[in-house]
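Structure first, commentary second.
The values are calculated or read from the model by the stated rules, or taken from the named source; none is laboratory data. Note that the structure is predicted; figures quoted are calculated from it, not measured. FYI the Cβ positions are ideal-geometry reconstructions off the backbone, even for glycines, and counts take in every protein chain you see. Ligands, DNA and RNA are excluded from the accessible area calculation, which covers all protein heavy atoms including side chains. Shrake-Rupley method; radii C 1.70, N 1.55, O 1.52, S 1.80 Å.
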Amino acid sequence: MEELGRVDLRGLQEPGSPGWEEARAAVAASMLAHGCVVVVAGVAAPELRDALFGRVLPDLFALPRDVKLRNAPGPPPHTGYFSHGVQESVRINHADDPDSVRAFADLLWPDAAGDKPLFCEAVSAAEREMQRLDGAVVRMVLESLGVPAERVAAAPPLADANHMVRLTHYAARAADDDGGLLSMAAHYDYSFTTVLMQHDVEGLEVLARDGRWVAVPPDRDTCAVIAGELLMVMTNGRVPACLHRVRTPSGRERFLALRSTLPARTSAVVGPLDELVDGAHPRLYRPVNYAAYARFKYSDDGRELGNRTLEAFCGVVNKEGGGDDDGVEQQGIVAAG
Ligand SMILES: O=C(O)CCC(=O)C(=O)O
Ligand SMILES: [Fe+2]
């Protein structure tokens, strides 16, 4: 049985640092098998992580709903605030820019109320930590697939990206004796990657390659890095998008901070890297405008397809001796993972 990798990335953020190659092998093995790796973080000050989960997130979600709704700039999936079942979530685009975080804080706490400096410091520190981990994981995966370093550095997840942060609250509910209740149904993220920062309360589960649901422990010094659908497209299917869900059998209230990498511009088109398409690896996806894909995924038609939207939208069925995209059916590739 193949386990999810757990790799210590402390002090290992740059290619060439001692231990990089060993860590790269472990990260790539787990990402290529499961679309997920658990990384030991420990870069940001632990007191800021404690402040984020102990004060900042509870204060944020204690605000009245109409206040949180001020941050709702667009329809799904760009919604800045949504609530569904026990889940409630806010989204901050370009959260690597301290001004974006500050603008979000100003929107929710327009006067002096609320500890805005702590909010901004804790959210920005978490974003920086998750961005560093994400950058290392993406570099390691692409390097191990043989993509040249300069292409890796220029590729959209590492350059020209929207580093989007979502902060989520799951309300407490009665403990679930048989553990069957989901707080969030199984889904793929449409991002390149998502880094998930849990804190003490269990919830994240990922589908491993052998078909088992694996709970990712909510350790304070780790983050999970999962592949989204854009990374699967970009790597021509080599990295499977990670199917994941949220299940909290203890019923405890839970907070989560996540950071997703998206293309910086909604006009961006993502396709398989040329280096990853060859005779042995025929093209699996047509280039996709990610914003159009995201709209489709959350449309009525998309919802009907459940977790098979990517293949329906841009999957290529390769025929023996084919290569003519016009005659290609738009269905049929089964999602890896
Ligand atoms: O709460 C979690 O651990 C996962 C949340 C998630 O998958 C999402 O918001 O897309
Ligand atoms: Fe997700």
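Of note:
- Taking (1) open to solvent by less than 10 Å² (accessible area, probe 1.4 Å); (2) free of Cβ contacts under 8 Å to residues at least 24 places away in the same chain; (3) of a type in the set (Phe, Trp, Tyr) in turn, residue 119 satisfies each apart from (2).
- If you go through segment 163-200 and pick out every residue that is within 12 Å of ligand 1 (Cβ to nearest atom) and open to solvent by 30 Å² or more (accessible area, probe 1.4 Å), you end up with 6.
- Cross-chain or 6+ apart pairs with Cβ under 9 Å, segment 88-105 first and over 22 Å from residue 65 (Cα atoms), then part of a loop (DSSP other than H, G, I, E, B) and more than 16 Å from ligand 2 (Cβ to nearest atom): 94/264
- Verdict on residue 228 being surrounded by 23 or more Cβ atoms within 10 Å (Cβ to Cβ) and free of Cβ contacts under 8 Å to residues at least 60 places away in the same chain: yes
- Among residues of segment 186-199 that are closer than 16 Å to residue 214 by Cβ, none has a Cβ under 6 angstrom from a residue that is within 11 Å of ligand 2 (Cβ to nearest atom) and modelled with pLDDT under 95 at a sequence gap of 6+ or on a separate chain.
- Selection of segment 211-229 for residues being closer than 22 Å to residue 9 by Cβ and either in contact with a Cys (Cβ under 7 Å, 6 or more places away or on another chain) or not charged (D, E, K, R) (or both) yields 214, 215, 216, 217, 218, 222, 223, 224, 225, 226, 227, 228.
- For the criterion of being at pLDDT 95 or above, open to solvent by less than 40 Å² (accessible area, probe 1.4 Å) and in contact with a helix residue (DSSP H, G or I) (Cβ under 6 Å, 6 or more places away or on another chain), residue 33 fails.
- Any chance residue 139 is modelled with pLDDT of 90 or more, of a type in the set (D, E, K, R) and either in contact with a helix residue (DSSP H, G or I) (Cβ under 6 Å, 6 or more places away or on another chain) or not in a helix (DSSP H, G or I) (or both): yes
- In segment 206-221, residue least open to solvent (accessible area, probe 1.4 Å) [restricted to those that are under 15 Å from the mean Cα position of the chain (by Cα) and more than 11 Å from ligand 2 (Cβ to nearest atom)]: 216
- Single residue of 260, 267 found to be touching a strand residue (DSSP E or B) at 6+ places or on another chain (Cβ under 9 Å) and more than 16 Å from ligand 2 (Cβ to nearest atom): 267
- Residue 117 in a loop (DSSP other than H, G, I, E, B), over 30 Å from residue 18 (Cα atoms) and away from ligand 1 (no atom under 15 Å from the Cβ): no
Results for (1) under 17 Å from the mean Cα position of the chain (by Cα); (2) within 16 Å of ligand 2 (Cβ to nearest atom); (3) modelled with pLDDT of 95 or more, shown as yes or no for each residue.
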| site | (1), (2), (3) |
| --- | --- |
| 120 | no, no, yes |
| 129 | yes, no, no |
| 152 | no, no, no |
| 156 | yes, no, no |
| 165 | yes, yes, yes |
| 181 | no, no, no |
| 192 | yes, yes, yes |
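- Residue check for residue 47: within 28 Å of residue 214 (Cα to Cα) and open to solvent by 60 Å² or more (accessible area, probe 1.4 Å): no
- Checking each residue of segment 231-251 against the condition of being open to solvent by less than 30 Å² (accessible area, probe 1.4 Å), in contact with a Ser or Thr (Cβ under 7 Å, 6 or more places away or on another chain) and among the small types (Gly, Ala, Ser) gives no match.
- Yes/no for residue 211 being away from ligand 1 (no atom under 15 Å from the Cβ) and over 14 Å from residue 31 (Cβ atoms): yes
- Tally, over segment 105-116, of residues that are open to solvent by less than 10 Å² (accessible area, probe 1.4 Å) and out of contact with any Phe, Trp or Tyr (no Cβ under 7 Å at 6 or more places or on another chain): 1
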